[in-house]
Amino acid sequence: MAAPAVYAPENLPAITDAAHAVNPWVALAYLASGVLFILALRGLSHPSTSRAGNRYGMIGMAIAVVTTLLTHEIASLPEILIAIAIGGGIGFVIAQRIAMTAMPQLVAAFHSLVGMAAVLVGAAAYLNPEAFGIVDTASDAAYAPGGTPILLQSAIELGLGVAIGAITFSGSVIAFLKLNGNMGGKPILLPARHLINLGTLAAILGLVGYFTFDQSPWVFWTIAALAFLIGFLLIIPIGGADMPVVVSMLNSYSGWAAAAMGFTLHNTAMIITGALVGSSGAILSYIMCRAMNRSFLSVIAGGFGAEAIPGGEAKEQRPFKQGSAEDAAFILEQAEKVIIIPGYGMAVAQAQHALREMADKLKAKGVEVKYAIHPVAGRMPGHMNVLLAEAQVPYDEVFELEDINSEFAQADVAFIIGANDVVNPAAKTDKASPIYGMPVFDVDKAKQVFFIKRSMGGVGYAGVDNDVFYMEQTMMLLADAKKMVEDIVKALD
Amino acid sequence: MDFISILSIFVLACFVGYYVVWSVTPALHTPLMAVTNAISSVIIVGALIAAAAAEVPGAKWLGLAAIVLASINIFGGFAVTARMLKMYRKKER
């Protein structure tokens, strides 16, 4: 960090009464924190640089906070420090205690906080526009609260910022409840929901426009209330399987909310960050949609998985082969190359540690073990990778779909644990299938397929039967994933 | 700063974000979301401005509440990212 002396308040123009007067040092400090945030994301291009990147992010945040505190006349420093200590303490404890399987919920909860913070900041700016330097001094104050009308451009930014923040908040709360299991994963479909949503959206935009010339409290609070409502309405019809897209999308929204507030405050750090986070979330949503061969619009429209058929009723039971842990262990020992395909079921069963133990045993016997991760495995992007990393699986044994898919032809065993739709060949062949066109693993090319599944009854989120169950070379291992893997480990001794 | 300069920064930052995020390895997409969460709480800057000004008590309290929420995110986001990144290790050879 630069020498703090230059930020001393007496060297600066009084920012409080002219927030947009740019002091070059202050502007540079915010720019520096923006650049550090870019470096934080840049570091994530490889695990070896990622930790340094995270530290850049922390430094950037420290610069932004310290700069703000040093350049404003602070009437209530103790309260502010207490607020930071309370929040920081809560955040730190949560971060240390949270289970890695619960990361999707945690991220959704964090998104909701960014959204709420944006709403609160927007409301504060509305109540005290002078502090934010967004007062329109040229205008007469006939209609504004307290006789201080907000600049036209700032009013639009403020309205949009509050609306995006509120959508992020209520949407993330619903996503959290669904991911955390407090609310069923099944989509909830209201009649005429598209009409209701579009109407609400139009009303919000209309009110933001109206807010520029009537800044009475009811306009502001109605914008916020409608935005809270639409965030709720947008997420309830989206099913559990689409949660990776939803979490990424809300990630993006939280960025745009920060950017909108950055426009209001003319703050480069906030604008750069908002743009980074906004595009990050958008790209992740795109990657998730592509990996499911669904359009973003169809995910947002919701309802996917609503018509899932419950456990194969009125369907003929096709013959399949069932094996025991001992059978599986025997074949695994003989194999030269094993590719493990983990899915959300592995996370639910907490089987990742047992799985790594199994892989260690096999490696000790000279078997080559690799892990294959589908982009939509788990409930958020990269979720499986974190769980495997937690179980101390080295990251250079973990491969992405496109990097490993050609290797199944040389694999002796494809070991599927807790995954289903991502190995379903119907995605390649059956045009009528709801998952048609989704890129899937070519497990049918492996000499032998092991499929760990709780029972034959359940089907994947897409609610479709999977031909892999009934293939000649498939052995179904029907049990709890953790129990089954532990039994295989025992049998390998 | 006038609106156009701000807009320029914003548009260019979107492009920077686009290229930087595409270069993030998919294995680190969860840490990416956690850290973007932490940095989007730079909105704390607005909360600090609101809390620092004493003349409107309502705005001050809203600001303080926003500081608490943003701090949960900042500390929680960076800490959980650090915790995750610590787990990624190479094969020992």
Among the residues of the range B:67-80, is any within 7 Å of another protein chain (Cβ to nearest Cβ), touching a residue at least 40 places away in the same chain (Cβ under 8 Å) and not aliphatic (A, V, I, L, M)? yes
What is the one condition in (1) in contact with a Phe, Trp or Tyr (Cβ under 6 Å, 6 or more places away or on another chain); (2) of a type in the set (Phe, Trp, Tyr); (3) under 16 Å from residue A:344 (Cβ atoms) that residue A:441 does not satisfy? (1)
Scan the range B:29-46 and tell me whether some residue there is assigned to a helix (DSSP H, G or I), within 7 Å of chain A (Cβ to nearest Cβ) and surrounded by fewer than 24 Cβ atoms within 10 Å (Cβ to Cβ). no
Can you tell me how many residues in the range A:25-58 are within 10 Å of residue A:269 (Cα to Cα) and of a type in the set (S, T, N, Q)? 1
Among the residues of the range A:421-432, is any within 19 Å of residue A:349 (Cα to Cα), in contact with a Leu (Cβ under 8 Å, 6 or more places away or on another chain) and of a type in the set (D, E, K, R)? no
What number of residues within the range A:61-89 are surrounded by 17 or more Cβ atoms within 10 Å (Cβ to Cβ), at the interface with chain B (Cβ under 7 Å from one of its Cβ atoms) and within 20 Å of residue A:114 (Cβ to Cβ)? 9
When both residues are 6+ apart or on different chains and their Cβ atoms are under 6 Å apart, which pairs have a first residue that lies in the range B:6-35 and is in contact (Cβ under 8 Å) with a residue 12 or more places away in the chain and under 18 Å from residue A:50 (Cβ atoms), and a second that is among the aromatic types (Phe, Trp, Tyr) and assigned to a helix (DSSP H, G or I)? B:27/A:395
Just give me the residues in the range A:271-295 being crowded, with 24+ Cβ neighbours inside 10 Å, within 8 Å of another protein chain (Cβ to nearest Cβ) and in contact (Cβ under 8 Å) with a residue 60 or more places away in the chain, in sequence order. A:271, A:272, A:273, A:276, A:280, A:284
Of (1) aromatic (Phe, Trp, Tyr); (2) touching a residue at least 60 places away in the same chain (Cβ under 8 Å); (3) out of contact with any Pro (no Cβ under 8 Å at 6 or more places or on another chain), residue A:395 satisfies all except one. Which? (3)
Matching residues in the range A:65-123 - criterion: being small (Gly, Ala, Ser), out of contact with any Gly (no Cβ under 6 Å at 6 or more places or on another chain) and part of a helix (DSSP H, G or I): A:83, A:85, A:87, A:88, A:89, A:102, A:108, A:109, A:112, A:117, A:123
Would you confirm whether or not the range A:363-383 contains a residue that is at pLDDT 90 or above, crowded, with 17+ Cβ neighbours inside 10 Å, assigned to a helix (DSSP H, G or I) and within 24 Å of the chain's Cα centre (by Cα)? yes
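The values are calculated or read from the model by the stated rules, or taken from the named source; none is laboratory data. Computed from a prediction, not measured in an experiment: that's the story for all the values here. Here the Cβ is made from the backbone with ideal geometry for all residues, glycine too, and neighbour counts use every protein chain on show.
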